[in-house]
Amino acid sequence: MTRRLDSDVAIIGGGIVGASAALFLRKMGKSVTLLERDFCGSRSSGVNYGGVRRQGRSIIQLPLAQRAHVIWGQLPQLLGMEGEYQRCGHLKIARSQADVASLEDYQKRSLGYDLDLQILSGDTLRSRYPWLGQSVVGGSLCAQDGHANPRLVSPAFAQAAKQAGADIHEQSQVIDMAHSRNGFVLHTHKGLEVRSRYLLNCAGAWAGFVAQSFAESVPIEALHPVMAVTEPLRPLMTLSLGVEGGGIYARQAVRGNCVIGGSRGFALDDLRARPSREAIGLVLARTVELLPDLHNAHVIRTWSGTEGYLPDHEPVIGPSGTTPGLIHGFGFAGSGFQLGPAVGEVLSELVCRGSSSTPIEAFSISRFTKVFRPSLQPFQQPKEIFHEN
Amino acid sequence: MIQALAPVIVGAGPAGIRAAQTLVANGLRPVVVDESANWGGQIYRQPPAHFVRTKKELYGFESAKAQSVLSAMQGLLPHVDYRPHTLVWNVQGGQLDLLHQGQTSTLAYSQVIVTSGATDRILPFRGWTLPGVFSLGGAQVALKFQGCSIGKKVVFAGSGPLLYLVAYQYAKAGAHVVALLDSGKLSDQVAAMSDLLAQPAWLAKGLYYVAWLHAHGVAVHRGAVPLEAKGQDCLESLLWQDDRGVHSLACDAVATGYGLRSEAQLADLLDCQFVWNAVQGAWLPVCDESGRTSVSGVYLAGDGASVEGADAAEWSGERAALTLLSDRAGHATAEHVARSAALSGHITKRKIFGRGLARAFPDPLNWAAQTPDDLLVCRCEEVTAGDLRQTAAEAGVQEINRLKALSRVGMGRCQGRMCVCAAAEILAQCTGQSLEKVGRLRAQAPIKPIPFTTMLKAESVSGKDMA
């Protein structure tokens, strides 16, 4: 039997983007139905590394990252929980003088975004952080960046949205969607019919299917990070670490477990991914170079996830080019966790006001549909393949 | 070619050994990978070479079977590629990941028989992490492997046939068994009798242990549930409860367990489908009458497929090997078909007996409902029953993996081996669902923790850097 629901906004995807959009839309008085195939925040939003950093992002992302930074500062008020969020600092490590130069260049380019980056020498870093290994030549510290527990934070956004009155349906897969003059009609495999004026496409790595349903194709690709965690260790790392040029990232959770990530796993099928043995070996070997104290630690668990990447490694945020009322927010190239709440807020602004108070033009889907913007620059090949979540 | 690779057997207990024997008898040279230093599995675990306890002392009634299985493997050694002390920690792309003496390596397979055995099914009680409290299987290992008792005054608490067996073995070996607390009632055991009679010899053995314990002055209490292990720094006494009230026993060791649970992580990583088994109250890998799983080339046998005990493990090990052989040849010989059918007949009878055991040894009544909020359920991650209830209520959790993600239960070193049964019971109870609906914890590599150092060579092997 079909159950029908009518709401102002339907959201596909209960990750941190979709769930925070639901929360902010409720705060702006809109009725919201959110459809999540699995559990909210159980996919990439919940299984990523947990980095909450602005440093290292492309310059065009920094206004959004700044906006997100403010929201992260209000997490307890928003979600009623800390989510293990701490502004402990994020250090981007240089392993060569060329890396140092690259970090210095980034520091210059990011001036004006309040990152307050400090470039430090290897010796200074080791005297401050004696747990850093000899391969560290220098680094760039963003003292106000940090990390959080994505397993807790992402589902909490959905929980907060629910408490604010959003109608959240988990384990509800959308099997068809259509748009007419009257708005959107979605059907789930459980026989639920959702009608709405607006539709937010927050389906992460699977967002391409949603876009395609509205005759909008994007070159999105799914990639799979490799994550590993140690047994709880004595307090060791006081910073979240990244590496210039990519490689690995590492942090120590409140409980003492060191969470490390990098490289690439593989897809088991359309929905599931696993780390590969080669990648696990690579990540552990690199981690020990930077953090010699981990030499005798044990890895107790590894995992992967499914993340959406566009060719330029920038997300798609903004209105559809084909379908009025359809708004996209996906493709964060493995680094959407920090941005997520700001994107959710932007999506809610687009619904309620028709515009975003943070610039998002660079993330328009039209950059992939040359018909609309023939003058668009060709994609720049991204320098980094690895992104910290 | 699929036939080019030697078949792999994971585990060298009764299932793995009989599987190996069958493959060797048919002209193959299997690789036998086993986590232990010596073959025999948990049930026929062998003591170190210079230990002097006889097979009769070690294995009691089962000594003839133990002797048969152990000497079978002894005879197989020249004909198999035996890899003791080797952990299978992962599997990927047709290769098992091995860990041996601190080094990782891979082993390609096209056909693998997984005989991963079982561990204790634990339903914890207050104070269960105090030194002196052991799992029942652990207590048995201490005796069988090292000839040690877990304490001077030992209480056995829990349920299942192993409880009586280990208590008997302890008492026989000279340990002071203070009491045996069986959560099942005599009426349960009487009600189960018709199924138990499917295997009169096994039933007789069980009754013998009970009678022996009685005759030797060991107090056997039925409908008895441990409440709290008490002590300053280590165990000093055990509080327990039955219909008559709460009692205390002075003791310095408790062995506890409520039957066994299949170790199915490897089957999960091999991507086998799982199915709910109502008799065992567990999600188990799909395994048909011939030992085939849902994954081509992957076979299961022994307690890792379904807890049916050592005899059934021998049968299902042999049967899986016969199936492997017929899949390899593309056809089954008449002799193999007949033998396989005979083995299935034995196993079916054992399953009826197993159903009787499940009935004879039920869990404590309302265990989950009566569990206090301050009970530590997950000892690795220090998650209490109250934490689980609160998480379930606040976040609307209905499913065990979700509970893990939000509460950390099962996230630690043991990956839920010790706590998942209890956590699932509590989640089922507080959400008003069946255990089946709560689901099963998905396995994640490594199956057991692996040291960083073992992986450091991997870079030179793979060499490739995607950055």
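The values are calculated or read from the model by the stated rules, or taken from the named source; none is laboratory data. Being a predicted model, the structure only gives us computed values, none of them experimental. Every residue, glycine as well, gets a Cβ built from its backbone with ideal geometry; the counts of neighbours run over all protein chains shown.
Could you grab me the full set of residues in region B:96-126 that are within 14 Å of chain A (Cβ to nearest Cβ), surrounded by fewer than 16 Cβ atoms within 10 Å (Cβ to Cβ), assigned to a strand (DSSP E or B) and not polar (S, T, N, Q)? Working first, answer last.
As a first pass, look at region B:96-126 and keep what is within 14 Å of chain A (Cβ to nearest Cβ): B:96-99, B:102-108.
Applying the additional criterion that residues be surrounded by fewer than 16 Cβ atoms within 10 Å (Cβ to Cβ) yields B:102-103, B:105, B:108.
With assigned to a strand (DSSP E or B) added as a condition, the list becomes B:103, B:105, B:108.
Correct list: B:Ala108 only.
Among the residues of region B:153-171, is any part of a loop (DSSP other than H, G, I, E, B) and crowded, with 18+ Cβ neighbours inside 10 Å? Talk me through it step by step, then tell me what you get.
Quick first cut of region B:153-171, residues part of a loop (DSSP other than H, G, I, E, B) only: B:160.
Then drop every residue that is not crowded, with 18+ Cβ neighbours inside 10 Å, which leaves B:160.
Yes, because at least one residue in region B:153-171 is part of a loop (DSSP other than H, G, I, E, B) and crowded, with 18+ Cβ neighbours inside 10 Å.
Which condition does A:Gln159 not pass, out of (1) under 21 Å from the mean Cα position of the chain (by Cα); (2) of a type in the set (S, T, N, Q); (3) not in a helix (DSSP H, G or I), if it passes all the others?
(3)
Name the single residue, out of those in region A:289-300 being within 26 Å of the chain's Cα centre (by Cα) and facing another protein chain (nearest Cβ under 7 Å), that is farthest from A:Gln134 (Cα to Cα). Steps first, please.
First, the residues of region A:289-300 that are within 26 Å of the chain's Cα centre (by Cα): A:290-291, A:299-300.
From what is left, the residues that are facing another protein chain (nearest Cβ under 7 Å) are A:299-300.
Working: A:Val299: 23, A:Ile300: 26 Å.
Looking at the filtered set, the residue picked out is A:Ile300.
For region A:347-368, what are the residues that are touching a strand residue (DSSP E or B) at 6+ places or on another chain (Cβ under 7 Å) and more than 17 Å from A:Asp8 (Cβ to Cβ)?
First, pick out the residues of region A:347-368 that are touching a strand residue (DSSP E or B) at 6+ places or on another chain (Cβ under 7 Å): A:347, A:350-351, A:360, A:363-365.
Answer for region A:347-368, where residues must be touching a strand residue (DSSP E or B) at 6+ places or on another chain (Cβ under 7 Å) and more than 17 Å from A:Asp8 (Cβ to Cβ): A:Ile360, A:Phe363, A:Ser364, A:Ile365.
Out of B:Leu23, B:Leu70, I need the residue that is in contact with a Pro (Cβ under 6 Å, 6 or more places away or on another chain) and over 30 Å from A:Gly265 (Cβ atoms). Which one?
Numbers: B:Leu70 fails: in contact with a Pro (Cβ under 6 Å, 6 or more places away or on another chain).
Among B:Leu23, B:Leu70, only B:Leu23 is in contact with a Pro (Cβ under 6 Å, 6 or more places away or on another chain) and over 30 Å from A:Gly265 (Cβ atoms).
Could you tell me whether A:Gly256 is surrounded by fewer than 19 Cβ atoms within 10 Å (Cβ to Cβ), modelled with pLDDT of 95 or more, over 16 Å from the mean Cα position of the chain (by Cα) and not β-branched (Val, Ile, Thr)?
Numbers: surrounded by fewer than 19 Cβ atoms within 10 Å (Cβ to Cβ): yes; modelled with pLDDT of 95 or more: yes; over 16 Å from the mean Cα position of the chain (by Cα): yes; not β-branched (Val, Ile, Thr): yes.
Here the answer is yes, as A:Gly256 does meet what is asked.
With B:Arg359, B:Arg355, B:Arg413, B:Arg350 as the choices, which residue is assigned to a loop (DSSP other than H, G, I, E, B) and modelled with pLDDT under 95? Can you show your working first?
Numbers: B:Arg359 fails: assigned to a loop (DSSP other than H, G, I, E, B); B:Arg355 fails: assigned to a loop (DSSP other than H, G, I, E, B); B:Arg350 fails: assigned to a loop (DSSP other than H, G, I, E, B).
Step by step, each of B:Arg359, B:Arg355, B:Arg413, B:Arg350 is checked, and only B:Arg413 is assigned to a loop (DSSP other than H, G, I, E, B) and modelled with pLDDT under 95.
When you look at A:Leu339, is it farther than 19 Å from A:Val259 by Cβ, in contact with a Pro (Cβ under 7 Å, 6 or more places away or on another chain) and away from chain B (no Cβ under 14 Å), yes or no? Spell out how you get there, then give the answer.
Numbers: farther than 19 Å from A:Val259 by Cβ: yes; in contact with a Pro (Cβ under 7 Å, 6 or more places away or on another chain): no; away from chain B (no Cβ under 14 Å): yes.
In short, no.
Would you be able to tell me the number of residues in region B:291-331 that are over 13 Å from the mean Cα position of the chain (by Cα) and assigned to a loop (DSSP other than H, G, I, E, B)? Talk me through it step by step, then tell me what you get.
Narrowing region B:291-331 to residues over 13 Å from the mean Cα position of the chain (by Cα): B:291-300, B:311-312, B:314-331.
Filter again for assigned to a loop (DSSP other than H, G, I, E, B), leaving B:291, B:293-297, B:330-331.
Result for region B:291-331: 8.
Mind listing whichever residues of region B:319-344 are of a type in the set (Asp, Glu) and either farther than 17 Å from B:Leu5 by Cα or touching a Lys or Arg at 6+ places or on another chain (Cβ under 7 Å) (or both)?
Of the residues in region B:319-344, the ones of a type in the set (Asp, Glu) are B:327, B:335.
Residue satisfying the conditions is B:Glu335 alone.
Among the residues of region A:261-278, which ones are more than 10 Å from chain B (Cβ to nearest Cβ) and of a type in the set (A, V, I, L, M, F, W, C)?
At the first step, the residues of region A:261-278 found to be more than 10 Å from chain B (Cβ to nearest Cβ) are A:261, A:267, A:270-271, A:273.
Within region A:261-278, A:Ala267, A:Leu271, A:Ala273 meet the criteria.
Select from region A:54-65 the residues that are assigned to a loop (DSSP other than H, G, I, E, B) and either under 22 Å from A:Cys258 (Cβ atoms) or out of contact with any Cys (no Cβ under 9 Å at 6 or more places or on another chain) (or both) and list them in ascending order. Please lay out each step first, then the result.
Going through region A:54-65, the residues assigned to a loop (DSSP other than H, G, I, E, B) turn out to be A:54-58.
If the condition is that a residue be assigned to a loop (DSSP other than H, G, I, E, B) and either under 22 Å from A:Cys258 (Cβ atoms) or out of contact with any Cys (no Cβ under 9 Å at 6 or more places or on another chain) (or both), then A:Gln55, A:Gly56, A:Arg57, A:Ser58 are the ones that fit.
Would you mind finding the one in A:Leu239, A:Leu233 that is within 14 Å of another protein chain (Cβ to nearest Cβ) and over 22 Å from A:Ser154 (Cβ atoms)?
Values: A:Leu239 fails: within 14 Å of another protein chain (Cβ to nearest Cβ).
Answer to the check: A:Leu233.
Looking only at region B:85-95, count every residue that is in contact with a strand residue (DSSP E or B) (Cβ under 8 Å, 6 or more places away or on another chain), in a loop (DSSP other than H, G, I, E, B) and either farther than 27 Å from B:Asp120 by Cβ or modelled with pLDDT under 95 (or both) and tell me the total. Walk me through it before giving the result.
Step one: filter region B:85-95 for residues in contact with a strand residue (DSSP E or B) (Cβ under 8 Å, 6 or more places away or on another chain), giving B:85-92, B:94-95.
Restricting the remaining residues to those that are in a loop (DSSP other than H, G, I, E, B) gives B:85, B:94.
With either farther than 27 Å from B:Asp120 by Cβ or modelled with pLDDT under 95 (or both) added as a condition, the list becomes B:94.
Total satisfying the criteria: 1.
Got a number for residues in region A:299-318 being in contact with a helix residue (DSSP H, G or I) (Cβ under 7 Å, 6 or more places away or on another chain) and closer than 22 Å to A:Arg274 by Cα? Even if it seems obvious, please write down each step before you answer.
Residues of region A:299-318 in contact with a helix residue (DSSP H, G or I) (Cβ under 7 Å, 6 or more places away or on another chain): A:299, A:302-303, A:305-308, A:314-318.
Next cut, closer than 22 Å to A:Arg274 by Cα only: A:299, A:302-303, A:305-308.
Residues in region A:299-318 being in contact with a helix residue (DSSP H, G or I) (Cβ under 7 Å, 6 or more places away or on another chain) and closer than 22 Å to A:Arg274 by Cα: 7 in total.
Which ones in region A:301-312 are more than 8 Å from chain B (Cβ to nearest Cβ) and among the aromatic types (Phe, Trp, Tyr)?
Just the residues of region A:301-312 that are more than 8 Å from chain B (Cβ to nearest Cβ), to begin with: A:304-312.
Across region A:301-312, the qualifying residue is only A:Tyr309.
From the set of residues in region A:30-47 that are of a type in the set (Val, Ile, Thr) and assigned to a strand (DSSP E or B), which is nearest to A:Arg272 (Cα to Cα)?
Of the residues in region A:30-47, the ones of a type in the set (Val, Ile, Thr) are A:32-33, A:47.
Right, trim to assigned to a strand (DSSP E or B) and you get A:32-33.
On the way: A:Val32: 28, A:Thr33: 26 Å.
Of everything passing the filter in region A:30-47, A:Thr33 is nearest to A:Arg272 (Cα to Cα).
Against the definition (surrounded by fewer than 23 Cβ atoms within 10 Å (Cβ to Cβ), part of a helix (DSSP H, G or I), in contact (Cβ under 8 Å) with a residue 24 or more places away in the chain and outside the structural domain of B:Trp89 (by TED's automatic domain parsing)), how does B:Gln398 come out, yes or no? Write out each step before concluding.
Working: surrounded by fewer than 23 Cβ atoms within 10 Å (Cβ to Cβ): yes; part of a helix (DSSP H, G or I): no; in contact (Cβ under 8 Å) with a residue 24 or more places away in the chain: yes; outside the structural domain of B:Trp89 (by TED's automatic domain parsing): yes.
The answer is no for B:Gln398.
Could you name every one of the strands (runs of 3 or more DSSP E) located completely within region A:200-305 that has at least 2 residues being touching a residue at least 24 places away in the same chain (Cβ under 8 Å) and out of contact with any Pro (no Cβ under 8 Å at 6 or more places or on another chain)?
Details: elements: A:221-223, A:225-232, A:240-243, A:248-252, A:257-264, A:298-303.
In region A:200-305, A:221-223, A:225-232, A:240-243, A:248-252, A:257-264 are the strands (runs of 3 or more DSSP E) which contain 2 or more residues that are touching a residue at least 24 places away in the same chain (Cβ under 8 Å) and out of contact with any Pro (no Cβ under 8 Å at 6 or more places or on another chain).
Can you give me the number of residues within region B:212-247 that are within 24 Å of B:Ala368 (Cβ to Cβ) and of a type in the set (Gly, Ala, Ser)?
Counting residues in region B:212-247 that are within 24 Å of B:Ala368 (Cβ to Cβ) and of a type in the set (Gly, Ala, Ser) gives 4.
Considering region B:30-56 alone, what residues qualify as being loosely packed, with under 15 Cβ neighbours inside 10 Å and touching a helix residue (DSSP H, G or I) at 6+ places or on another chain (Cβ under 9 Å)?
Keep residues of region B:30-56 that are loosely packed, with under 15 Cβ neighbours inside 10 Å, which gives B:37, B:48-54, B:56.
Selection gives B:Pro48, B:Phe51, B:Arg53, B:Thr54, B:Lys56.
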